[in-house]
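The values are calculated or read from the model by the stated rules, or taken from the named source; none is laboratory data. Quick caveat: nothing in here was measured; it's all calculated off a predicted structure. So basically every Cβ, Gly included, is an ideal-geometry build from the backbone, and we count neighbours across all protein chains shown. All accessible areas refer to the heavy atoms of the entire protein, side chains included, with ligands and DNA or RNA removed. Shrake-Rupley method; radii C 1.70, N 1.55, O 1.52, S 1.80 Å.
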Protein chains: 2
Amino acid sequence: MSVVKGLKCVNCGKEHSAGLIYNCQKCGDILSVEYDYEQLLRINTKAIFRRKQGLWKYKEFLPITDYSKVVSLDEGGTSLHKCNKLARRMGIEELYLKDETRNPTGSFKDRPASVAVSKALEFNAKTLVIASTGNAAASAAAYAAKAGTKCVVIIPERVPTSKISQILTYGALVVKVKGAFSNAYELARNASQKYGWCNVTTVMMSNPYQVEGDKTVSYEICEQMRWKVPDWIAIPIGAGPLLVGVWKGFVEFRKLGLIEKLPSMIGVQVESCEPIVKAFRDGKSIVEPWPLEPKTVAGGVADPLRGYTQDGSLTLKVIRESNGLAASVSDQEVLEAVMDLGRNEGVLAEPTGAVAVAGVKKLIEEGKIPRDEVVVCLVTGHGLKDMGPVANLFKDPPTIEPDVEALKTCLARALRGRTLSEGHFNKGGPWRH
Amino acid sequence: MSVVKGLKCVNCGKEHSAGLIYNCQKCGDILSVEYDYEQLLRINTKAIFRRKQGLWKYKEFLPITDYSKVVSLDEGGTSLHKCNKLARRMGIEELYLKDETRNPTGSFKDRPASVAVSKALEFNAKTLVIASTGNAAASAAAYAAKAGTKCVVIIPERVPTSKISQILTYGALVVKVKGAFSNAYELARNASQKYGWCNVTTVMMSNPYQVEGDKTVSYEICEQMRWKVPDWIAIPIGAGPLLVGVWKGFVEFRKLGLIEKLPSMIGVQVESCEPIVKAFRDGKSIVEPWPLEPKTVAGGVADPLRGYTQDGSLTLKVIRESNGLAASVSDQEVLEAVMDLGRNEGVLAEPTGAVAVAGVKKLIEEGKIPRDEVVVCLVTGHGLKDMGPVANLFKDPPTIEPDVEALKTCLARALRGRTLSEGHFNKGGPWRH
C-alpha cells in the first residue's frame, strides 16, 4: 500500500500528480513527495520495525506503488557506531557515526539510487541518465545493472580513475564532459528531454524521488538510538539532498508520534567551495553559485551549485529551520578526520566521507556544540573509493629481510615517533598526535 | 554462556585447553575448537535467530568466554543475492551470491579478525602480529584500531598499494618482507614467539580461533535460505580456512538438528598456483607446496602453502568428505567473472573475490555441476580493494563538449559494439558478449 498524494513545489506550493516530472511546472523550483499522513498514522509501525533491516523495510514511507519493480542490492541498514575513543579525542561525551560506507557500492548514494531506479522502472524507462562526480553514478550504474536497464553516465573531466573503473564494471556507458559539473548537469537534463531518458541525477531540481531514499537514514537512526533523538546530526553537503532528506525523515516520524523532538542539522562544506556556508554566515536566504573552480581532496562536496542554486537555498532553509549550523573545513582538517576515523574507530572513509567529522571537531573547539550534547556524524563514502589523497601522506613501508632482528631494528626506528605508526608518514605530514 | 570444551588436534586427536596455543603440542598439526554439543542442544536457538543480523548474534557458537572483550565493527550479516541473470548466463536454474564484500573493511576476513582479536584481548595481548597478503591485515588492523591494541603487519613485497594505504590508515605498523608470503609467515611466527605478540595470521596452523569466525557464513546461509541447504557452496581458496570454517558451520547445524543435509564444497584456485586442486586431481591426500612463484590477478588465493601444507591437506580432506570438487581457473576467466558480476548483478568483486564464480561457470560447462542443482558462490572481497587489473581492461572514456549532438555521436560510436558499453574496452579485451 502506497500513500503518496503527489508532488508539491517547495517554493510556490503548486501540486502535481506523482508522475515523471522533474521540477515545478509553474515556477521551476524543487518538488517534494507528499504523503497521506492520516493514512500513515493507521499503519502498524511495530510490524514494520520488526522487519529485517535495510531501506525497503520502510516501503510504506517510500514513493513506490508497484513493489514488483523494486530494485535492491540490500542498501541501507547501515551500522551506527558508538565512538568512545573519537569522542574523547574531540572532547565530547557522546558521539556516533552513521556508517554509510557499508552500502553495496560503498556510499550513501545507493539509497537514492534504489528508490530512483525503482521509480524509473515504474515509469517504464528503458534508459537512465545521470550527471555525477562519481559516487551517485556508481550507484545508478549498479542498480541499472541489477535491473537490466541501460545507464548513461555523464561525468566532469576530473573524477578519480578508481571511481570511473567502478562505474564501467557495472556496464554503464560513461562520457566525460569538458568543464565543471554544471556542464554535465545541463547535458543530462537536455539529453533526458531530447531522448526521453529518465534523469536520476541526485540534484533535488532533477529528480524529486531520490531524496526519499535519503530519508531512511533518519528512520534507522531513530530505531538504532531507541527513539532518543540525538541533539545534532552532521552531514557533508554539496547541494545537500542528503541533509534535506534526513531532516524530512525526522519530521515525518515526529508527525507520526514516533519521536518527540527534532535534531539540529549541521551542514559541512570545504573552504574552497562553501556557497551554503557563506549564505548561512552572511544571513542570506538565497544561496549564490560559487564563482571559483573548487580544488579539494573532498571532490564529492565541492559543488558550485551553478544551474541549481535552489538546492542550496532549500538546504540552507532546513539548516535554519532546525536551529542548525553550517561550517567549512580545510583539506588538512579533512585528512586529519580520515586518520582519526581509521586509527580510533577502524572506519575507513574517503575524504568526502570524513567532512562531517572534521566539521564537528571544529564546532566543538569553537564552543558551538556543547560538550554534553549527543552528536551523530554521517560517514558518507568508503575510503577505498578514493585512496589517492590519503596514500600520498604515507611513506612506502620499509622492506626488510625475513629476520626477527631486522624486524626489531625496523620497529625501533618507527617507534621513535610518538605513536607506533608515526614512522610511516611523509615528513611534514599534516597532523600531530 | 560459552560451551567451549577445548582444542583438539585434527591429526593426532590430542586435546588441549582453550588457551593461547597456536598448534598441536604433540604433532604440530592444526587445532580445532571443540564445543559441548550436549549443552548447545539445550540452547533456545529460536531466540538466537530473532536477534539482529551479524556475526555476534551467534555468540553462543563462538569461542569467547568474556563477552565484554568482544571487538565488533558489525561484521557479517551479509547479503545473499538471488542472481537470475547470472544464472541464465551460466545455464543453471538457481544461483546465489553470498556477498562478503559487504563487511566493514570490504572482505570476509573481518569475520575471523573479529573473533581472533576478541580472543586476543581475552588473553590480555597488548600487541598483535599478522602475516598477510592484504585483506586479513586490513581486517586485523581495523579491529586492533577499534580495540586500541597495537598491530604489526608483515606483508610480502608485492601487495597492491591501495591495500597498504588501507592498512596504514587503520594505524598499524607495516613492514614488507623480501621474497614470498612464506617468509612473512615465518617471521610473524618467530616474532610472536620471541616478543609474546598474539599471532592472528589467518592460516589454520597459526591460530585455531579465527576459523570460528568463518563458520558464521554458513549459519547465515542456512537462515537466509530458510533452512533449505544448497547443493553446492563454491569458495575461492588459498590455504582454505574459509572453506574449512564454512563446512564446520554446516556440520554443527546438522548436529543440532537445524538442517537435514550437508552441501558439497567446491574449492577454486587459479591455474598459476593450484596445490590443492592438483592433489585433488591426482588422488593424493597430502598437499605438496607449490614450487613456483605465482603470478596472477587474484593474489589473495595465490598461496604456495610453503611452511603450512597441513592447511591445504585439511581443506582437501573437507572437500572430499563433502563429495565436493576442486577446480582452477585462468586469469582471463577470473576477469570475465568480475565483469559478469558487475554487469549482471551490480556486484563489484576484486579479482580474488570472483574466483568462485569463475570456477562454477567452468564446472557447469564441464557437466560436473548438474544444471538443476542449487549453487551458492562466495564473493569474498570488494572490487574497490583492487581495481588495477580491471581498470587495465578499459579505455579512458571519451571526453566531449557539453552538447547533446556530441553526446549522440559519441554514443553511436560506442553502440557499434554489440552491447552498450563494449565500446569502452581496450582492443583485444578478454571476452565476447
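Can you list the copy-to-copy distances for B:Thr65, using a point 7 angstrom from Cα toward Cβ, in nanometres, shortest first?
6.3
How far, in whole Å, is the closest Cβ of chain B from the axis that maps B onto A, and which residue does it belong to?
B:Leu384, 2
May I ask you to report, in nm to one decimal and beginning with the shortest, the distances from B:Glu260 to the same position in the other copies, taking label points 7 Å along Cα-to-Cβ?
Distances to the matching label points in the other copies: 5.2 nm.
Suppose we keep just the DSSP beta bridges with both residues in chain A; what percent of those would be antiparallel, to 5? Walk me through the numbers on the way to the answer.
Working: 15 of 46 bridges.
Around 35 percent antiparallel, to the nearest 5.
In debye to the nearest 20, how big a dipole does region A:119-243 give about its Cα centre with +1 on each Lys and Arg Cβ and -1 on each Asp and Glu Cβ?
Values: 13 positive and 8 negative charges, 83 e Å.
Rounded to the nearest 20 debye, it is 400 debye.
Using only atoms on other chains, find how many Cβ atoms lie within 10 Å of each Cβ of peptide A:344-352 and report the average. Kindly include the intermediate steps, with their values, before the conclusion.
On the way: counts 5, 5, 20, 8, 12, 1, 1, 0, 0.
Mean partner shielding for this stretch: 6.
Output the antiparallel fraction of DSSP beta bridges having both residues in the protein assembly as shown, as a percent to the nearest 5. All intermediate terms of the calculation are to be shown ahead of the outcome.
Working: 30 of 96 bridges.
Among the beta bridges of the protein assembly as shown, antiparallel pairing accounts for roughly 30 percent.
To the nearest Å, what is the center-to-center distance of region A:309-374 and region B:39-105, using C-alpha atoms only?
33 Å
Based on Cβ point charges of +1 for Lys and Arg and -1 for Asp and Glu, what charge dipole magnitude is obtained for chain A about its Cα centre, in debye rounded to the nearest 20?
Details: 57 positive and 48 negative charges, 97 e Å.
Dipole of chain A, to the nearest 20 debye: 460 debye.
In deg cm²/dmol, rounded to 500, what helix-only [θ] at 222 nm does chain B give when every DSSP H run of at least 4 residues adds -39500 (n - 2.57) and the total is split over its residues? Write out the running numbers ahead of the final one.
Values: 16 runs with 160 residues, N = 433.
Calculated at 222 nm, the ellipticity per residue is -11000 deg cm²/dmol.
Sort B:44-54, A:74-84 by the packing proxy (mean of other Cβ within 10 Å over each peptide's residues), most packed first.
On the way: B:44-54: 12.7, A:74-84: 21.5.
Taking the mean over residues of other Cβ atoms within 10 Å, the ranking is A:74-84, B:44-54.
Along Cα-to-Cβ, 7 Å out, sits the label point; list in nm, shortest first, how far the one on B:Pro289 is from those in the other copies.
So the distances to the same position in the other copies read 6.6 nm.
Put +1 on the Cβ of each Lys and Arg and -1 on the Cβ of each Asp and Glu in chain B; which of B:Tyr143, B:Val3, B:Ala188 then has its Cα farthest toward the positive end of the dipole?
Towards the positive end, the residue furthest out is B:Val3.
Evaluate peptide B:64-74: per residue, the Cβ atoms of other protein chains within 10 Å of its Cβ; return the mean as an integer. Working shown, then result.
Numbers: counts 0, 0, 0, 0, 0, 0, 0, 1, 3, 7, 7.
Across B:64-74, the average partner-chain Cβ count within 10 Å equals 2.
Which peptide among A:384-391, A:222-229 comes first, and what is the full order, when sorted by highest mean count of other Cβ atoms within 10 Å?
Details: A:384-391: 22.8, A:222-229: 15.0.
For the peptides A:384-391, A:222-229, the packing ranking is A:384-391, A:222-229.
Roughly how many Å² is the accessible area per residue of region A:72-161, as a whole number, for a 1.4 Å probe? Don't skip to the end; give the middle numbers.
Numbers: 2360 Å² over 90 residues.
With the other protein chains kept in place, region A:72-161 gives 26 Å² per residue.
Near the amide H of A:Glu94, under 5 Å away, which other amide H atoms are found, from residues 5 or more places off or on another chain, if H is placed in the peptide plane?
A:Val375
Taking every residue in A:173-182, how many Cβ atoms of other protein chains lie within 10 Å of its Cβ, on average?
Details: counts 11, 7, 9, 6, 7, 6, 2, 1, 0, 1.
Across the residues of A:173-182, the mean count of other-chain Cβ atoms within 10 Å is 5.
Where does each of B:142-150, A:25-33 land if you order them by average Cβ count within 10 Å, highest first? Walk me through the intermediate numbers first.
Working: B:142-150: 23.8, A:25-33: 18.0.
Output ranking for B:142-150, A:25-33: B:142-150, A:25-33.
Toward the positive end of the charge dipole of region A:256-325, about the Cα centre and with charges on Cβ (Lys, Arg +1; Asp, Glu -1), which of A:Ile286, A:Asn323, A:Ser272 goes farthest?
Among A:Ile286, A:Asn323, A:Ser272, the one farthest towards the positive end of the dipole of region A:256-325 is A:Asn323.
Give the carbon-plus-sulfur fraction of the accessible surface of region A:187-318 in %, rounded to a whole number; probe 1.4 Å, heavy atoms of protein chains only. Can you show the working numbers first?
Values: 2240 of 4400 Å².
Result for region A:187-318: 51 percent of the exposed heavy-atom area is carbon or sulfur.
Could you run the Karplus curve 6.51 cos²θ - 1.76 cosθ + 1.60 with θ = phi - 60° over region B:339-351 and give me ³J(HN,Hα) per residue in whole Hz, x for Gly and Pro?
After applying 6.51 cos²θ - 1.76 cosθ + 1.60, I find 5, 4, 5, x, 6, 9, 10, x, 10, 9, 10, 6, x Hz.
Could you do me a favour and compute the accessible area per residue for region A:187-296, 1.4 Å probe, result in Å²?
On the way: 3850 Å² over 110 residues.
Accessible surface, normalised per residue, equals 35 Å².
Quote the total accessible area buried by chains A and B together, excluding ligands, DNA and RNA, probe 1.4 Å, nearest 100 Å².
On the way: alone 18640 and 18650 Å², together 30610 Å².
Using a 1.4 Å probe, the pair buries roughly 6700 Å².
Over region A:19-87, with every protein chain in place, what whole percent of the accessible area is carbon and sulfur at 1.4 Å, could you tell me? Before the final figure, lay out the partial values.
Numbers: 1410 of 3100 Å².
Carbon with sulfur: 45 percent of the solvent-accessible area.
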